[in-house]
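The values are calculated or read from the model by the stated rules, or taken from the named source; none is laboratory data. Fair warning: this is a prediction, and the values are worked out from it, not measured in the lab. Ideal geometry is used to build each Cβ from the backbone, glycine not excepted, and the neighbour counts take in all protein chains shown.
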Amino acid sequence: MKRKALNIALSGVLLSSGVVLGTGVNSVSADGPNYNGNETIQNERLHSYSEMVKLLERVDQQSENLTLEVYGQSVKDRDLYLAKFGENEENPTILFLTQQHGNETLTTEAALKMIQYLSTNSKEVQNILENVNVLIAPRLNVDGAEGDVNFPLDDYVSGTHTRYNANGVDLNRDHVDREQPETKALHENVLQKYSPDYMIDLHHQGTQVTKGEDGPLVSGSILYPTNETVDSEVLEGSKKLGAVVYDAVESKGYGTLSKYPGGTANTISRNGLANEYGISTLLFEMRGMADHYREDYVLGQKSNGYLIQQGVVTMKAALKAIADDSIEDADTSFWDTLTQSYYHGEE
Ligand SMILES: [Zn+2]
């Protein structure tokens with residue numbers, strides 16, 4: 001914690017004195033250190049598939065709150081898990097989806113923490129689960145996350161995780177045709193079966209995203225559905241969900257959010273699920289990836305702590321606001337002035 005605070009303070013000085021960030025071996029960045037091309041990436045600190053399954057099964061045995069379901073299998077025949085909390089038809093339902101892209105790992109680490117949190121019997125959790133049905137689908141791309149794919153990862157920085165599924169398909173461009181078993185299972189056995197009202201789709205982006213061209217590095221970026229055919233009430237729900245998350249994350253010392261410059265295609269879940277099922281969706285892109293063939297996308301492990309926490313803060317804020325209905329009063333006007341992301345990496 002002390003080191004993080006120091007980094008933020010230092011980077012403020014560097015920024016105000018006009019020194020360019022991201023150059024030199026000992027560069028200091030606004031949101032903690034990132035990969036400098038001269039260190040080992042320690043992705044073994046993350047939950048492997050078998051470790052994730054072990055955790056889910058242990059929590060399932062220990063907690064009455066959790067119902068664990070297998071909703072399908074991946075290309076390489078790994079089971080896909082859904083953690084369910086509450087099934088009251090009177091209550092709204094939210095889905096947290098993580099790791100459609102296998103190299104965007106801390107989203108799942110945060111989801112596993114949420115699953116453990118919701119399996120406790122605290123007053124806070126009881127209050128949430130009396131008022132909200134929670135679905136958590138951690139790690140849709142289980143094969144890409146294991147690096148168990150039908151193409152080589154020789155040019156990747158770490159060679160352990162990839163964006164694509166085993167067939168080399170981007171699952172977050174497969175939400176219309178659903179040609180891959182992972183997306184097909186998600187649609188048929190989660191989305192169509194449980195009809196969520198809200199969804200937060202958690203991802204990671206490159207490491208060098210700033211708030212506008214001259215602003216600080218961001219800890220994350222958010223966006224609502226941008227397809228023009230999305231129902232206006234669904235869109236308003238998305239913007240309110242975004243307002244709740246924005247307020248919660250920005251109130252943290254590490255929290256700096258920009259508006260993600262996303263496209264309008266329905267093949268992307270943020271758009272497609274809002275359009276097809278009327279789900280109020282929010283995209284949350286956290287900083288940096290576990291692995292990539294582009295060095296400027298890889299963050300390394302040194303910032304894992306606060307980024308996982310950012311995911312937890314995001315999900316908890318959404319649950320509390322839906323549980324006490326305060327989401328209905330969320331002020332969406334911040335979207336009109338939220339600064340767009342700017343990317344400083346190589347083209
Ligand atoms: Zn992604």
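Among the residues examined, T105 qualifies as within 15 Å of the ligand (Cβ to nearest atom) and either surrounded by fewer than 23 Cβ atoms within 10 Å (Cβ to Cβ) or at pLDDT below 95 (or both). Scanning the stretch 221-265 for residues that are under 18 Å from V312 (Cα atoms), free of Cβ contacts under 8 Å to residues at least 40 places away in the same chain and not in a helix (DSSP H, G or I) returns a single hit, S251.
Figure legend. Inter-residue proximity from the stretch 204-217: first residues under 24 Å from L106 (Cα atoms) and hydrophobic (A, V, I, L, M, F, W, C), second residues part of a strand (DSSP E or B) and within 16 Å of the ligand (Cβ to nearest atom), beta-carbon distance below 6 Å, spacing 6+ or different chains. Indicated pairs: V209/S341; V209/Y343.
For the stretch 199-208, the candidate set comprises residues that are more than 11 Å from the ligand (Cβ to nearest atom) and surrounded by 23 or more Cβ atoms within 10 Å (Cβ to Cβ); within that set, the residue that is farthest from G278 (Cα to Cα) is T207.
A single entry from L171, L135 fulfils the requirement of being within 16 Å of the chain's Cα centre (by Cα) and either within 14 Å of the ligand (Cβ to nearest atom) or over 19 Å from S269 (Cα atoms) (or both): L171.
As for the stretch 80-88, it holds at least one residue that is over 24 Å from the mean Cα position of the chain (by Cα), at pLDDT 95 or above and more than 16 Å from the ligand (Cβ to nearest atom).
Per the conditions (1) assigned to a helix (DSSP H, G or I); (2) touching an Asp or Glu at 6+ places or on another chain (Cβ under 9 Å); (3) polar (S, T, N, Q), the sole criterion not satisfied by N103 is (1). Being closer than 12 Å to A145 by Cβ and touching a residue at least 12 places away in the same chain (Cβ under 8 Å) is a property that does not hold for G72. Within the stretch 174-197, track down each residue that is within 24 Å of N150 (Cβ to Cβ), in a helix (DSSP H, G or I) and either within 16 Å of the ligand (Cβ to nearest atom) or among the aromatic types (F, W, Y) (or both). Residues satisfying the conditions are E182, T183, L186. Going residue by residue through the stretch 115-124, is there one that turns out to be in contact with a Ser or Thr (Cβ under 6 Å, 6 or more places away or on another chain) and either part of a strand (DSSP E or B) or hydrophobic (A, V, I, L, M, F, W, C) (or both)? There is no residue in the stretch 115-124 that is in contact with a Ser or Thr (Cβ under 6 Å, 6 or more places away or on another chain) and either part of a strand (DSSP E or B) or hydrophobic (A, V, I, L, M, F, W, C) (or both). Taking the conditions (1) out of contact with any Leu (no Cβ under 9 Å at 6 or more places or on another chain); (2) over 19 Å from Y342 (Cβ atoms) in turn, G255 satisfies each one other than (2).
Across the stretch 130-157, the qualifying residues are those that are touching a strand residue (DSSP E or B) at 6+ places or on another chain (Cβ under 7 Å) and part of a loop (DSSP other than H, G, I, E, B), and the one among them that is modelled with the lowest pLDDT is V157. Within the stretch 209-231, the set of residues being surrounded by fewer than 18 Cβ atoms within 10 Å (Cβ to Cβ) and either in contact with a Ser or Thr (Cβ under 9 Å, 6 or more places away or on another chain) or more than 22 Å from A265 (Cβ to Cβ) (or both) comprises G212, E213, D214, G215, N227, E228.
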